[in-house]
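Below is one structure, written out as structure tokens; the observations come after it.
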Amino acid sequence: MLRSIVGVIAGYLAMAVFVFAAFTIAYLTMGADGAFRAGLYEVSVLWIIVSFVLSVIAAIVGGFVCAAIAKSMTAPHVLAGIVLVLGLLFSIPVITGSYEGMPEVRDGATGNFEAMQYARQPVWIALLNPIIGAGGIVFGARMRKRP
């Protein structure tokens, strides 16, 4: 039981660290003009593609780490459920369009943290990400070779 709990926590942390590092590098590489539509905080098609790829990789890494530590498939399924539920909860502001007080127009100098705070993604992306994440976790867990 303890091994499963540690596996879920480690898998989640592995995903979080990967996402933070990979998305920071992607944003610094692409810059604000590559990540956003011109003059807006709406994400670009290029950013959507890059974020999709990075999210899949992060989920696979998280599932692999979770399964490797837990030594079972139960823990990755729990992690996938957590990611699905949290992802859907975090998509509520995107679905409801709760952007009050947030700027719509972007100037040229947009830092990494400002970009994370104000980025506007399509609703379908916000709903698809948790599903992709959950599936990627299960896929990553199955990649681990059993002894």
Check: Quick one: would you say F64 is within 14 Å of R144 (Cβ to Cβ), in a helix (DSSP H, G or I) and either in contact (Cβ under 8 Å) with a residue 60 or more places away in the chain or touching a strand residue (DSSP E or B) at 6+ places or on another chain (Cβ under 6 Å) (or both)?
Finding: yes
Next item on the list: Please find, within segment 1-56, the residue that is surrounded by the most Cβ atoms within 10 Å (Cβ to Cβ) out of those that are without any contact (Cβ under 8 Å) to a residue 12 or more places away in the chain and of a type in the set (S, T, N, Q).
Entry: S44
Next item on the list: Please list, ordered by first then second residue, the pairs with beta carbon atoms under 6 Å, 6 or more apart or interchain, first in segment 70-81 and under 10 Å from I137 (Cβ atoms), second assigned to a loop (DSSP other than H, G, I, E, B).
Entry: none
Notebook entry, point to check: What number of residues within segment 22-38 are farther than 14 Å from V50 by Cβ and within 13 Å of the chain's Cα centre (by Cα)?
Noted result: 0
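Coordinate-derived values only; no laboratory data. From a predicted model like this one, the values you see are computed outputs, not experimental measurements. Heads up, the Cβs are rebuilt from the backbone with ideal geometry, glycines too, and the neighbour counts pull from every protein chain shown.
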